[in-house]
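The values are calculated or read from the model by the stated rules, or taken from the named source; none is laboratory data. Owing to the predicted nature of the structure, the values given are computational and were not obtained by experimental measurement. Positions of Cβ are generated from backbone atoms using ideal geometry, with glycine treated the same way; all protein chains shown enter the neighbour counts. When the accessible area is computed, the model is the full protein with side chains, heavy atoms only, and any ligands, DNA or RNA have been set aside. Shrake-Rupley method; radii C 1.70, N 1.55, O 1.52, S 1.80 Å.
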Amino acid sequence: MQAAVAAGHPATVEAGIEVLAEGGSAADAAVAACLASCVSETVMTGLLGGGHAIYYDAASAHARNLDCFVAVPGLGAEPKTDAQLVELDVPFGAELVHYAVGVASCGVPGLPAGLAALHGAYGRLDWPRLVEPARRLAREGVDFPTEHAACLAMLAPVMTMNEGARIYAPGGRLLGAGARLEQPGLVRALELLSEEGPRSAYEGSLGEALLVLMEERGGLVTPADLTQYEARWSAPVELEYAGTKLLTRDGLAPLREILSHVPPLRGRPSAERAVALAQALDAPDSSGHTTNLAVVDHDGNACVLTTSLGLGSGDFLPDLDLHLNSMLGETDLLRGRLEAGDRVGSMMSPAVALDRKGLALAGGAAGGTRLRSALVQVVAGVLDEGITAAEAVARPRLHPTAGLVHLEPGFDDEVAPALERAGFEVRAWPDRHHYFGGVSLVTRAGAAGDPRRSGAASSLAPN
């Protein structure tokens, strides 16, 4: 498989490719690309969020999951009963979605610890080298693409709260497509991350700044939360799918369970294919703002990393332009009774697929429950139906939720009537939309980033 990077923004891809070209491993490139995404994709993710990854080591043919998701705060402190959340209704497509944000929605960030774990286990290049592409982006600013501008327009009530107004609505005007996203505070934040290492977010200057903000605004994260946070490695779950062994994680939207119910799709008429997918994927809906990247290096190692801030709390570290996560306000993720130190649930499902020749696919997706729908349709397209990564990502998608099937434009005319005959209500969308998730993947037939979220992909010639 050719060395490649696929991600949610061209600048993110360029950072990963730059590191691969210097001999960096898949882990090095994933770290550099992820840090770049924390500058170029800040409407989707950020350093003070969390994520899930899978790493495939080609030499040992062994894969591991990495949990660096947000944890419930409150270690070493009396529970706060007066913490207040800011309640908002945000337009998402044709519907209003309820969110709870504010400083009390911020959980313990896990992403810096996850990047440290990836680099420590599989990295080759020095840590400061991996931070440099993101620092450069922060100094120079980054292009703000059409899809991010559309997302910002939806999320403006949160993104322009407090310090965010200066970043996303300079001069009182919301950033539009083609604008330059300027976040000068990130230059200093990334300098600290480079000089102090990723533990800066827990035991250094960045962690200190976070705790000061918690004290000033009534947040819940404590010093013990930061010092005791650790990223966790675990064995992936396995399933046989379309002649491959697919490795992933079982989260709140388990890919394994869904794919086991998707019948073979190759050769099915378009209407029959759509009904089969809708029946397998139908579930209650939820929202989410995430991004995903996939990397394969020259040695065949692979890393897939999905990250998120949730919606974002609307609070930023002063002078550092780092947005706090809002995971404690994401009610879909808070399942059962959670104690301080517990991980918040996640729908993220980074995955790799192996066949007799080795690595066949490395990919993941962003977008709440649409993450699962998008990833299943793309994985099925590549592994079952035999189309290229680019074709699978570009193909129109459907997303069923509790009996209602959302359809992107581009399906054959017979699809909507067939879904209705199968008992579904159908809602046709006028345009392709980031509601339908964002997939990034690398395969033997090329790599692809999702145009619904300004995604991109690039490959390197063999050594």
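Kindly indicate whether any position in the stretch 365-383 is open to solvent by 50 Å² or more (accessible area, probe 1.4 Å), at pLDDT below 95 and part of a loop (DSSP other than H, G, I, E, B). Within the stretch 365-383, not a single residue is open to solvent by 50 Å² or more (accessible area, probe 1.4 Å), at pLDDT below 95 and part of a loop (DSSP other than H, G, I, E, B). For the stretch 411-463, give me every one of the strands (runs of 3 or more DSSP E) that falls completely inside it and has 1 or more residues that are among the polar types (S, T, N, Q). Where strands (runs of 3 or more DSSP E) fall fully within the stretch 411-463 and carry at least 1 residues being among the polar types (S, T, N, Q), they are 438-443, 456-459. D282 - would you say it is at pLDDT below 95 and of a type in the set (D, E)? In short, yes.
Kindly indicate whether any position in the stretch 290-305 is of a type in the set (D, E) and modelled with pLDDT of 90 or more. Within the stretch 290-305 (the criterion being of a type in the set (D, E) and modelled with pLDDT of 90 or more), the answer is yes, since at least one residue qualifies.
Residues that are of a type in the set (V, I, T) and open to solvent by 60 Å² or more (accessible area, probe 1.4 Å) within the stretch 128-153 comprise just one, T146. Scanning the stretch 107-127 for residues that are small (G, A, S) and either outside any helix (DSSP H, G or I) or open to solvent by less than 40 Å² (accessible area, probe 1.4 Å) (or both) gives G107, G110, A113, G114, A116, A117, G123. Is the stretch 154-171 home to any residue that is hydrophobic (A, V, I, L, M, F, W, C), part of a strand (DSSP E or B) and surrounded by 19 or more Cβ atoms within 10 Å (Cβ to Cβ)? No: zero hits.
Going through the stretch 226-277 one residue at a time, which ones are out of contact with any helix residue (DSSP H, G or I) (no Cβ under 8 Å at 6 or more places or on another chain) and polar (S, T, N, Q)? Scanning the stretch 226-277 gives Q228, S234, S260.
Residues of the stretch 428-450 that are more than 25 Å from D355 (Cβ to Cβ), open to solvent by 40 Å² or more (accessible area, probe 1.4 Å) and in contact with a Lys or Arg (Cβ under 9 Å, 6 or more places away or on another chain): R432, H433. Identification of helices (runs of 4 or more DSSP H) wholly contained in the stretch 179-269 with 1 or more residues that are of a type outside the set (A, V, I, L, M), surrounded by 19 or more Cβ atoms within 10 Å (Cβ to Cβ) and in contact (Cβ under 8 Å) with a residue 60 or more places away in the chain yields 185-196, 200-203, 223-228. Set side by side, the residues G386, G403 differ, and just one is over 20 Å from the mean Cα position of the chain (by Cα), surrounded by fewer than 18 Cβ atoms within 10 Å (Cβ to Cβ) and modelled with pLDDT under 95, which is G403. With a requirement of 1 or more residues that are more than 27 Å from R343 (Cβ to Cβ), the strands (runs of 3 or more DSSP E) lying completely within the stretch 1-102 that satisfy it span 4-7, 86-92, 95-101. If you go through the stretch 414-427 one residue at a time, do you hit one that is within 25 Å of M154 (Cα to Cα) and without any contact (Cβ under 8 Å) to a residue 60 or more places away in the chain? Yes, the stretch 414-427 contains a residue that is within 25 Å of M154 (Cα to Cα) and without any contact (Cβ under 8 Å) to a residue 60 or more places away in the chain.
Do the conditions hold for L322, that is, is it over 16 Å from the mean Cα position of the chain (by Cα) and modelled with pLDDT under 95? So L322 fails the test.
The requirement of being at pLDDT below 95 and surrounded by 24 or more Cβ atoms within 10 Å (Cβ to Cβ) is satisfied by M44.
Against the criterion of being hydroxyl-bearing (S, T, Y), over 26 Å from L213 (Cβ atoms) and either touching a residue at least 12 places away in the same chain (Cβ under 8 Å) or open to solvent by less than 60 Å² (accessible area, probe 1.4 Å) (or both), Y99 does not qualify.
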